[in-house]
Ligand SMILES: Nc1ncnc2c1ncn2[C@@H]1O[C@H](COP(=O)(O)OP(=O)(O)OP(=O)(O)O)[C@@H](O)[C@H]1O
Ligand SMILES: [Mg+2]
């Protein structure tokens, strides 16, 4: 295993609140990892910091050995760290097919060489079909995005992120608002995509069945601090984690 993302001494305040408190984390290539913690712990802010949406007060973000701390979000996406945008990137009036096609086309034009080298697709159409089949949305490719169920909308959002051929896929609460059966489907899908595309996946999640079901490493944030990291078995029995977040129900 080798590191794909190294966070060094990352720090951020919002007014008087210390939202990110001197974080040091190394994410390994190919790792399926979860970030958990109470509301307001700074999980989403962490994603905002590493994807270039907001600048840190202090610290460094190293991606594949390269300092990307103050790089622009588009540049970070182009390097291969891609976040599913929780539906913000979906064109509601377009079909499911066209949503993926438009994203593929735009990626194809911007990164023609990378696109061909990495996956050897002839064109954006071929790539669109591949993604739709892989992610299980082929049967509803002609539906308008606005007609999708909440769960399928989230899947479409992840499909758009995959279209950008990520190496690291970041997901902020992929099962939020989903019915139990949709959650189970999402859990299976993320595991499958992680393995098939050889991704490094980092997901923030409050659903502990999902976290303990698929994460290889769990990191726990409380008030901006990393209070524990380790395997599901380690985290499940970690005193401070139980006290601060898990309570007794996961035991
Ligand atoms: N742009 C901002 N300006 C000021 N305060 C902010 C900003 N973004 C987040 N915060 C504050 O920072 C803290 C951490 O917020 P963040 O959204 O990162 O938490 P979270 O762990 O993702 O919580 P949740 O589980 O509820 O999504 C909160 O107190 C929030 O109000
Ligand atoms: Mg959040």
So what's the angle, to the nearest 10 degrees on a 0 to 90 scale, between helix 96-110 and the longest Cα principal axis of the chain?
80 degrees
Note: residue 85 to residue 28 extended length (0.36 nm per residue) minus current alpha-carbon separation gives 18.2 nm
Taking a temperature of 4 °C and a viscosity of 1.567 mPa s, what whole-number D in µm²/s does Stokes-Einstein yield for the range 138-223 with Rh from Kirkwood over alpha carbon pairs?
94 µm²/s
Rounded to a whole number, the Stokes-Einstein D of the range 33-101 in µm²/s (Kirkwood radius over Cα pairs; 4 °C; 1.567 mPa s) is 92 µm²/s
Looking only at 57, 157, 172, which one moves most when the chain is put into a Gaussian network model with springs between Cα atoms under 10 Å?
57
What order, most packed first, do the peptides 141-152, 194-205 have when packing is the mean number of other Cβ atoms within 10 Å of each residue?
194-205, 141-152
Neighbour-count ranking [beta-carbon atoms within 10 angstrom, fewest first] of 190, 221, 105, 137
105, 137, 190, 221
Specify the residue with the greatest mean-square fluctuation among 101, 63, 234, computed from a Gaussian network of the chain linking alpha-carbon atoms under 10 Å apart.
234
Reciprocal mean inverse distance between Cα atoms of the range 1-77 - Kirkwood radius, Å
12.9 Å
Over the range 151-195, equivalent-ellipsoid semi-axes from the Cα gyration tensor in Å
18, 11, 9
Suppose only helical runs count, i.e. DSSP H with n ≥ 4. What mean residue ellipticity at 222 nm does that imply for the chain under -39500 (n - 2.57) per run, divided by all residues and rounded to the nearest 500 deg cm²/dmol?
-11000 deg cm²/dmol
Enter the angle in degrees (range 0 to 90, nearest 10) between the Cα long axis of helix 150-163 and the first principal axis of the Cα atoms of the chain, meaning the one along which they spread out most.
80 degrees
Can you pull a Stokes-Einstein diffusion coefficient for the chain at 20 °C (1.002 mPa s), Rh from Kirkwood over Cα pairs, as a whole number of µm²/s?
114 µm²/s
Using alpha carbons only, how many degrees (0 to 90, rounded to 10) separate the axis of helix 180-196 from the longest principal axis of the chain?
80 degrees
Would you mind calculating the gained length between residue 9 and residue 39 on full extension (0.36 nm times residue separation, minus the Cα-Cα distance), in nm to one decimal?
8.6 nm
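FYI, it's all coordinate maths here, none of it is from the lab. Predicted model only: the values in this text are computed from it and were never measured. For neighbour counting, all protein chains shown are included, and Cβ atoms are generated from backbone atoms with ideal geometry for every residue, glycine included.
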